1. Counting just the residues of the range 233-284 that are among the acidic types (Asp, Glu) and over 16 Å from Gly24 (Cα atoms), which one comes out least open to solvent (accessible area, probe 1.4 Å)?
2. Please find, within the range 209-220, the residue that is nearest to Asp106 (Cα to Cα) out of those that are assigned to a loop (DSSP other than H, G, I, E, B) and touching a residue at least 40 places away in the same chain (Cβ under 8 Å).
3. Can you report the number of residues in the range 72-108 which are part of a strand (DSSP E or B), open to solvent by 70 Å² or more (accessible area, probe 1.4 Å) and of a type outside the set (A, V, I, L, M, F, W, C)?
4. Cβ-Cβ below 6 Å, separation at least six or inter-chain, first residue in the range 221-235 and over 14 Å from Glu269 (Cα atoms), second part of a strand (DSSP E or B) and of a type in the set (Val, Ile, Thr): which pairs?
5. I need the full set of residues from the range 35-46 which are open to solvent by 20 Å² or more (accessible area, probe 1.4 Å) and either of a type in the set (Ser, Thr, Tyr) or in contact with a strand residue (DSSP E or B) (Cβ under 9 Å, 6 or more places away or on another chain) (or both), in order please.
Amino acid sequence: MSPQDHAEAKKNEPNLGPLKLLPGVWKSEGRGWNMIALPFATAPSPLDYRLLLNQYNEQLEFKLVDDNVPNRGVEKNNPTVQTDQFVVTVDYQQTIQQVAATDSPDSGGLAGLAGLAIHHEPGLWLHLKNQITDGLNIARLATIPHGDSVLALGQSSEHTGASCIPHINSLPEGVTQDLDGNRYLSPYKKFHDSPFKGTVTAPGFPGFDPTATHVLLELANKGVAVDRTTTLTVDTTNPTGGITNIPFVVRKANATVMKSIFWIQELAEKDKYGDPKLRLQYLQVVMLDFFPRRDGFPGCCPGLIRWPHVSINTLEKDPDASKPYYS
């Protein structure tokens, strides 16, 4: 790799393709929300899990670009023809600190206090410049301190205006999805009836409802003029994607699928330098598999319950927080 290929990512660099707006620092204070179900040995019957909700601060930093990383190859049926692929990579670091948390049933303090570091994730976004397979022109690689490594592939798109936030089913798969009639879902019903508001005291704030995770993303877009949106959608179930976990995770709460959507918004409002203000929203779902399914009659549906672990946030780009990765 030549020196000019390995350098700091610059603003709006054309070679980055759909990733060109990412380089820099994105921040959010108290606008991140997370839900995750966790095995819990002392839960009262009929429960065997607790539902944890977090409000969080986040910094997401994109620093490094490797331009034209070559993947070498030749034609399958004509090995005299070179068919190399070239990949642009953008390095990222995600750090998340808890603002507030609650769980049900109450774990007696396991939810943690404000200021707790609850996530750190180094990774890469890739723009596949040529030799595209099945229209998959982007990829995300992530490493999680719990002992997970992720490869998710997907597609990018651009359009004018804001995006519609999808309404996802965030109830566990493999149980009867009846909030009123199924006591096993009582933690979800509790936070559906009384959504978690964290530290937010603004009148009319609806709170984070784990059964309607789209609401706060839509609220963040209310009254905001979005000129253009770049959408990055990646999924570990796409060909050659997947999640690899350490043995304990596989045995106890196996992370099997990750799907995420990033919306990079160029606003009509300008920053202090006269450029469009930039925001980034995301919706991410990781499926955790643990405990035998409970739907249907015994033996009808083998396998484990699949629990959606959902994270959402709205971040703003700091126009002043760009600094070289290399001296």
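The values are calculated or read from the model by the stated rules, or taken from the named source; none is laboratory data. Being a predicted model, the structure only gives us computed values, none of them experimental. Positions of Cβ are backbone-derived with ideal geometry, glycine not excepted, and every protein chain shown enters the neighbour counts. Just the protein is used for accessible areas: all its heavy atoms, side chains included, with ligands, DNA and RNA removed. Shrake-Rupley method; radii C 1.70, N 1.55, O 1.52, S 1.80 Å.
1. If we take residues in the range 233-284 being among the acidic types (Asp, Glu) and over 16 Å from Gly24 (Cα atoms), then Asp235 is least open to solvent (accessible area, probe 1.4 Å).
2. Pro210
3. 2
4. Thr230/Ile264; Leu232/Ile138; Thr233/Ile261
5. Step one: of the range 35-46, the residues open to solvent by 20 Å² or more (accessible area, probe 1.4 Å) are 36, 38-42, 44-46.
Answer for the range 35-46, where residues must be open to solvent by 20 Å² or more (accessible area, probe 1.4 Å) and either of a type in the set (Ser, Thr, Tyr) or in contact with a strand residue (DSSP E or B) (Cβ under 9 Å, 6 or more places away or on another chain) (or both): Ile36, Leu38, Pro39, Phe40, Thr42, Ser45.
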